[in-house]
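Novice: One structure is given below, represented as C-alpha coordinates, and several questions about it will come after.
The values are calculated or read from the model by the stated rules, or taken from the named source; none is laboratory data. Everything numeric here is computed off the predicted structure, so don't read it as measured data. Heads up, the Cβs are rebuilt from the backbone with ideal geometry, glycines too, and the neighbour counts pull from every protein chain shown. The accessibility values were calculated without ligands, DNA or RNA, using every heavy atom of the protein model including side chains. Shrake-Rupley method; radii C 1.70, N 1.55, O 1.52, S 1.80 Å.
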Amino acid sequence: MTEHRKLSPGKLIIASHNQGKVREIRALLAPFGIEPVSAGELDLPVPEETGTTFAENALLKARASAEAANCVALSDDSGLCVTALNGAPGVYTADWAEADIYEGGPGRDWYMAMGKVEGKLAELGPEADRSAYFVCTLALAWPDGHSEVFEGAVHGNLVWPPRGTRGFGYDPVFQPIGFKQTFAEFDPQQKHDMSHRADAFDKLVKACFD
(Lines give C-alpha, C1' and ligand atoms only; values in the text may rest on other atoms or scores of the structure.)
Protein backbone atom coordinates (compact mmCIF):
# COMPACT_ATOMS: atom_id res chain seq x y z
CA MET A 1 0.00 0.00 0.00
CA THR A 2 1.36 3.41 -1.01
CA GLU A 3 2.33 5.76 1.80
CA HIS A 4 0.85 9.21 1.24
CA ARG A 5 2.47 12.33 2.63
CA LYS A 6 0.28 14.10 5.18
CA LEU A 7 -0.79 17.74 4.89
CA SER A 8 -0.30 19.90 7.97
CA PRO A 9 -2.54 22.84 8.93
CA GLY A 10 -1.28 26.17 7.57
CA LYS A 11 -0.78 27.95 4.28
CA LEU A 12 -1.53 26.17 1.01
CA ILE A 13 -1.33 27.67 -2.47
CA ILE A 14 -4.30 26.98 -4.73
CA ALA A 15 -2.62 26.95 -8.12
CA SER A 16 -5.47 28.57 -10.02
CA HIS A 17 -6.60 31.95 -11.30
CA ASN A 18 -10.19 30.69 -11.80
CA GLN A 19 -12.24 32.32 -9.04
CA GLY A 20 -15.12 29.83 -9.29
CA LYS A 21 -12.72 26.93 -8.84
CA VAL A 22 -10.87 28.71 -6.00
CA ARG A 23 -14.19 29.29 -4.19
CA GLU A 24 -15.11 25.60 -4.35
CA ILE A 25 -11.66 24.47 -3.18
CA ARG A 26 -11.69 26.94 -0.27
CA ALA A 27 -15.04 25.55 0.88
CA LEU A 28 -13.77 21.98 0.69
CA LEU A 29 -10.58 22.81 2.63
CA ALA A 30 -12.31 24.87 5.32
CA PRO A 31 -12.70 22.05 7.91
CA PHE A 32 -9.00 21.11 7.94
CA GLY A 33 -7.23 24.17 9.34
CA ILE A 34 -5.78 24.99 5.92
CA GLU A 35 -5.20 28.64 4.98
CA PRO A 36 -5.71 28.70 1.21
CA VAL A 37 -4.26 31.52 -0.88
CA SER A 38 -4.66 31.48 -4.65
CA ALA A 39 -1.93 31.80 -7.24
CA GLY A 40 -3.94 34.73 -8.61
CA GLU A 41 -3.76 36.59 -5.29
CA LEU A 42 0.01 36.06 -5.18
CA ASP A 43 0.41 36.97 -8.85
CA LEU A 44 2.25 33.73 -9.51
CA PRO A 45 3.05 32.82 -13.12
CA VAL A 46 0.64 30.60 -15.03
CA PRO A 47 2.50 27.71 -16.68
CA GLU A 48 1.58 26.62 -20.19
CA GLU A 49 -0.61 23.52 -19.97
CA THR A 50 1.24 21.28 -22.40
CA GLY A 51 0.10 17.96 -20.92
CA THR A 52 -2.17 15.58 -22.81
CA THR A 53 -3.87 14.24 -19.66
CA PHE A 54 -5.59 15.88 -16.69
CA ALA A 55 -2.89 14.53 -14.36
CA GLU A 56 -0.02 15.96 -16.42
CA ASN A 57 -1.60 19.42 -16.49
CA ALA A 58 -2.50 19.35 -12.79
CA LEU A 59 1.09 18.47 -11.89
CA LEU A 60 2.49 21.21 -14.13
CA LYS A 61 0.39 23.84 -12.33
CA ALA A 62 1.00 22.53 -8.80
CA ARG A 63 4.77 22.25 -9.27
CA ALA A 64 5.04 25.73 -10.79
CA SER A 65 3.26 27.31 -7.80
CA ALA A 66 5.12 25.19 -5.22
CA GLU A 67 8.48 26.24 -6.67
CA ALA A 68 7.54 29.91 -7.12
CA ALA A 69 6.10 30.31 -3.59
CA ASN A 70 8.28 27.71 -1.79
CA CYS A 71 5.11 26.30 -0.29
CA VAL A 72 2.86 23.26 -0.74
CA ALA A 73 0.53 23.87 -3.69
CA LEU A 74 -2.70 22.23 -4.80
CA SER A 75 -3.93 22.35 -8.37
CA ASP A 76 -7.03 21.10 -10.07
CA ASP A 77 -7.27 20.16 -13.72
CA SER A 78 -10.81 19.37 -14.61
CA GLY A 79 -12.96 19.09 -17.65
CA LEU A 80 -16.07 17.85 -19.39
CA CYS A 81 -15.89 14.61 -21.36
CA VAL A 82 -18.76 14.00 -23.80
CA THR A 83 -19.33 10.39 -24.82
CA ALA A 84 -20.56 11.11 -28.36
CA LEU A 85 -17.58 13.42 -28.99
CA ASN A 86 -15.04 10.72 -28.08
CA GLY A 87 -14.32 12.39 -24.75
CA ALA A 88 -13.96 15.93 -26.08
CA PRO A 89 -13.52 18.65 -24.98
CA GLY A 90 -11.65 16.77 -22.22
CA VAL A 91 -8.28 18.33 -21.36
CA TYR A 92 -9.16 21.17 -23.78
CA THR A 93 -12.34 22.08 -21.88
CA ALA A 94 -11.16 25.62 -21.07
CA ASP A 95 -9.71 26.13 -24.57
CA TRP A 96 -13.18 25.71 -26.07
CA ALA A 97 -14.18 28.84 -24.13
CA GLU A 98 -11.28 31.04 -25.26
CA ALA A 99 -12.57 34.24 -26.87
CA ASP A 100 -11.65 37.89 -27.29
CA ILE A 101 -14.42 39.07 -24.97
CA TYR A 102 -12.55 41.48 -22.71
CA GLU A 103 -11.07 44.79 -23.73
CA GLY A 104 -7.31 44.55 -23.65
CA GLY A 105 -7.04 40.78 -23.90
CA PRO A 106 -8.70 37.39 -24.30
CA GLY A 107 -11.08 35.84 -21.82
CA ARG A 108 -13.40 32.87 -21.54
CA ASP A 109 -16.93 32.81 -22.86
CA TRP A 110 -18.56 29.74 -21.33
CA TYR A 111 -21.88 30.27 -23.11
CA MET A 112 -19.96 30.09 -26.39
CA ALA A 113 -18.21 26.92 -25.18
CA MET A 114 -21.53 25.29 -24.23
CA GLY A 115 -22.85 26.27 -27.65
CA LYS A 116 -19.90 24.56 -29.37
CA VAL A 117 -20.64 21.30 -27.55
CA GLU A 118 -24.34 21.54 -28.36
CA GLY A 119 -23.57 22.37 -32.00
CA LYS A 120 -21.42 19.27 -32.39
CA LEU A 121 -24.12 17.10 -30.76
CA ALA A 122 -26.74 18.64 -33.07
CA GLU A 123 -24.61 17.64 -36.08
CA LEU A 124 -24.89 14.02 -34.90
CA GLY A 125 -28.70 14.20 -35.01
CA PRO A 126 -31.52 13.89 -32.46
CA GLU A 127 -30.51 10.36 -31.41
CA ALA A 128 -27.01 11.43 -30.33
CA ASP A 129 -25.80 10.07 -27.00
CA ARG A 130 -25.99 13.01 -24.57
CA SER A 131 -24.19 11.31 -21.69
CA ALA A 132 -21.13 13.06 -20.30
CA TYR A 133 -19.01 13.22 -17.20
CA PHE A 134 -16.92 15.78 -15.38
CA VAL A 135 -13.41 14.74 -14.34
CA CYS A 136 -11.37 16.43 -11.63
CA THR A 137 -7.71 15.62 -11.08
CA LEU A 138 -6.11 17.16 -7.99
CA ALA A 139 -2.34 17.40 -7.69
CA LEU A 140 -0.46 18.31 -4.53
CA ALA A 141 3.15 19.39 -4.94
CA TRP A 142 5.75 20.11 -2.28
CA PRO A 143 8.77 22.40 -2.89
CA ASP A 144 11.09 19.37 -2.51
CA GLY A 145 9.54 17.74 -5.59
CA HIS A 146 7.19 15.25 -3.90
CA SER A 147 3.70 15.08 -5.41
CA GLU A 148 0.37 13.28 -4.97
CA VAL A 149 -2.47 12.90 -7.52
CA PHE A 150 -6.16 12.12 -6.94
CA GLU A 151 -8.97 11.81 -9.51
CA GLY A 152 -12.75 12.05 -9.18
CA ALA A 153 -15.68 11.98 -11.59
CA VAL A 154 -19.42 12.60 -11.74
CA HIS A 155 -21.66 11.28 -14.53
CA GLY A 156 -24.71 12.86 -16.09
CA ASN A 157 -26.34 14.06 -19.30
CA LEU A 158 -26.20 17.31 -21.26
CA VAL A 159 -29.30 19.47 -21.57
CA TRP A 160 -30.11 22.47 -23.77
CA PRO A 161 -30.72 25.36 -23.33
CA PRO A 162 -28.46 26.16 -20.34
CA ARG A 163 -30.26 26.46 -16.99
CA GLY A 164 -29.29 28.07 -13.70
CA THR A 165 -26.97 30.84 -12.56
CA ARG A 166 -25.18 29.33 -9.55
CA GLY A 167 -22.42 27.34 -11.21
CA PHE A 168 -19.56 28.16 -13.54
CA GLY A 169 -18.06 26.65 -16.68
CA TYR A 170 -20.32 23.99 -18.22
CA ASP A 171 -22.47 23.62 -15.08
CA PRO A 172 -25.63 25.10 -16.71
CA VAL A 173 -25.86 22.25 -19.25
CA PHE A 174 -24.80 19.35 -17.00
CA GLN A 175 -27.57 17.36 -15.30
CA PRO A 176 -26.14 14.70 -12.98
CA ILE A 177 -27.69 11.23 -13.06
CA GLY A 178 -30.71 10.94 -10.77
CA PHE A 179 -31.48 14.69 -10.73
CA LYS A 180 -33.70 17.01 -12.75
CA GLN A 181 -31.63 20.12 -12.04
CA THR A 182 -28.37 21.16 -13.68
CA PHE A 183 -25.31 21.81 -11.52
CA ALA A 184 -25.94 25.54 -12.00
CA GLU A 185 -29.40 25.13 -10.39
CA PHE A 186 -28.06 23.27 -7.34
CA ASP A 187 -27.50 24.89 -4.00
CA PRO A 188 -23.68 25.34 -3.88
CA GLN A 189 -23.32 23.08 -0.84
CA GLN A 190 -25.31 20.33 -2.56
CA LYS A 191 -22.97 20.52 -5.54
CA HIS A 192 -19.90 20.52 -3.23
CA ASP A 193 -21.16 17.31 -1.67
CA MET A 194 -21.44 15.32 -4.91
CA SER A 195 -19.31 16.93 -7.61
CA HIS A 196 -16.27 15.48 -9.39
CA ARG A 197 -14.18 17.86 -7.29
CA ALA A 198 -15.78 16.54 -4.09
CA ASP A 199 -15.06 12.97 -5.21
CA ALA A 200 -11.38 13.77 -5.80
CA PHE A 201 -11.20 15.72 -2.52
CA ASP A 202 -12.66 12.80 -0.61
CA LYS A 203 -9.76 10.65 -1.85
CA LEU A 204 -7.23 13.38 -1.01
CA VAL A 205 -8.64 13.84 2.50
CA LYS A 206 -8.53 10.10 3.24
CA ALA A 207 -4.92 9.93 2.06
CA CYS A 208 -3.39 13.19 3.27
CA PHE A 209 -5.19 14.22 6.45
CA ASP A 210 -4.96 12.31 9.72
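Novice: Using every alpha carbon pair in segment 1-121, what percent of pairs falls into each 5 Å bin from 0 up to the bin containing the largest distance?
Specialist: 2, 10, 16, 20, 20, 15, 9, 5, 2, 0, 0
Novice: If you rank Tyr111, Tyr170 by how much accessible surface each has, with a 1.4 Å probe, what is the order from largest down?
Specialist: Ranked list, largest accessible area first: Tyr111, Tyr170.
Novice: How large is the Kirkwood hydrodynamic radius of segment 136-189, in angstrom, based on all distinct alpha carbon pairs?
Specialist: About 12.9 Å for segment 136-189.
Novice: Here's a follow-up. Under the 0.36 nm per residue contour assumption, what length would be gained going from the current alpha-carbon distance of Glu48 and Lys206 to full extension?
Specialist: 53.8 nm
Novice: Suppose a student asked you for the relative contact order of the chain, using Cα pairs under 8 Å spaced at least 6 residues apart; what percent would you report?
Specialist: Relative contact order here is 19 percent.
Novice: I've got another one for you. Taking +1 at the Cβ of each Lys and Arg and -1 at the Cβ of each Asp and Glu, which of Val82, Ile34, Leu121 sits farthest along the dipole of segment 1-124 towards its positive end, judged by Cα position relative to the Cα centre?
Specialist: Working it through, the farthest residue towards the positive pole turns out to be Ile34.
Novice: Evaluate Rg over Rh across segment 54-169, taking Cα atoms for both radii and Kirkwood's formula for Rh.
Specialist: 1.05
Novice: Now a separate question. Quick check: pseudo-label points 7 Å beyond the Cα along Cα→Cβ at Ser131 and Ser8, how many nm apart are they?
Specialist: 4.6 nm
Novice: Separate question: Can you pull the Kirkwood radius for the chain, inverse mean 1/r over Cα pairs, to one decimal in Å?
Specialist: In the chain this quantity evaluates to 17.7 Å.
Novice: Then there's this: Counting alpha carbon pairs within less than 8 Å and at least 6 residues apart, what relative contact order, in whole percent, applies to segment 107-210?
Specialist: Once divided by the residue count of segment 107-210, the mean separation gives 24 percent.
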